[in-house]
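A.B. asks: Sharing a structure with you now.
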């Protein structure tokens, strides 16, 4: 008569280790993707803030002082143009703030009309 033994067989242990390894590798892959997405979101937020500040800066200037221009601040590149309409006493301001994310150059455009 055979006496039952407590514990797991070698095959059960190997299968459990393989399943655990696959789960951990999936978790590491997801973590890397999440960290990349968070970095991209932070760059997008900085670009949004730079675009808002540029529009505020351009709106605070007189129409005579408005001109096309560009600026670079670290990884952000800004370009803008201003077209003054003396008849309506307004200026159309447009441009973009570009940044590098995910290996590609992305841009945050802005368009507004400011009173003179």
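None of the figures in this text is laboratory data; all of them are computed from the coordinates on show. This is a predicted model, so every value here is computed, not measured. As a convention, Cβ positions derive from the backbone with ideal geometry for all residues, glycine included, and neighbour counts pool all protein chains shown.
A.B. asks: Ignoring everything except DSSP H segments at least 4 long, calculate the 222 nm mean residue ellipticity for the chain; use -39,500 (n - 2.57) per segment, divide by total residues, nearest 500.
C.D. replies: That calculation yields -16000 deg cm²/dmol at 222 nm.
A.B. asks: Could you tell me how far the Cα centroid of the stretch 60-75 sits from the Cα centroid of the stretch 76-96, in Å?
C.D. replies: Cα centres, the stretch 76-96 to the stretch 60-75: 9 Å.
A.B. asks: Between residue 30 and residue 94, with labels modelled 7 Å along Cα→Cβ, what's the label distance in nm to one decimal, could you check?
C.D. replies: Modelled inter-label distance: 4.3 nm.
A.B. asks: In nanometres, what is the gap between the two model label sites at residue 40 and residue 9, each 7 Å from Cα along Cα-to-Cβ?
C.D. replies: A separation of 4.7 nm, rounded to one decimal place.
A.B. asks: Between residue 21 and residue 75, what is the spin-label point distance in nm, taking each point 7 Å from the Cα along the Cα→C-beta axis?
C.D. replies: 3.5 nm
A.B. asks: Can you tell me how the stretch 1-72 classifies by the Cα gyration tensor, rounded, prolate or oblate, using a/c under 1.5 as the rounded cut?
C.D. replies: Taking the square roots of the gyration eigenvalues as a ≥ b ≥ c, the stretch 1-72 is prolate.
A.B. asks: Let me ask something else about it. Which translational diffusion coefficient, to the nearest whole µm²/s, is obtained for the stretch 10-115 from the Stokes-Einstein equation, given a Kirkwood hydrodynamic radius over C-alpha pairs, 20 °C and 1.002 mPa s?
C.D. replies: 127 µm²/s
A.B. asks: I've got another one for you. Residue 2 to residue 86: extension gain in nm, 0.36 nm per residue of separation minus the Cα-Cα distance? If you can, show how the numbers build up before the last one.
C.D. replies: Values: separation 84, 0.36 × 84 = 30.24 nm, distance 10.21 nm.
Taking 0.36 nm per residue and subtracting the Cα distance, the gain is 20.0 nm.
A.B. asks: Using Cβ contacts closer than 10 Å as the measure, can you line up 78, 96 from fewest to most?
C.D. replies: 96, 78
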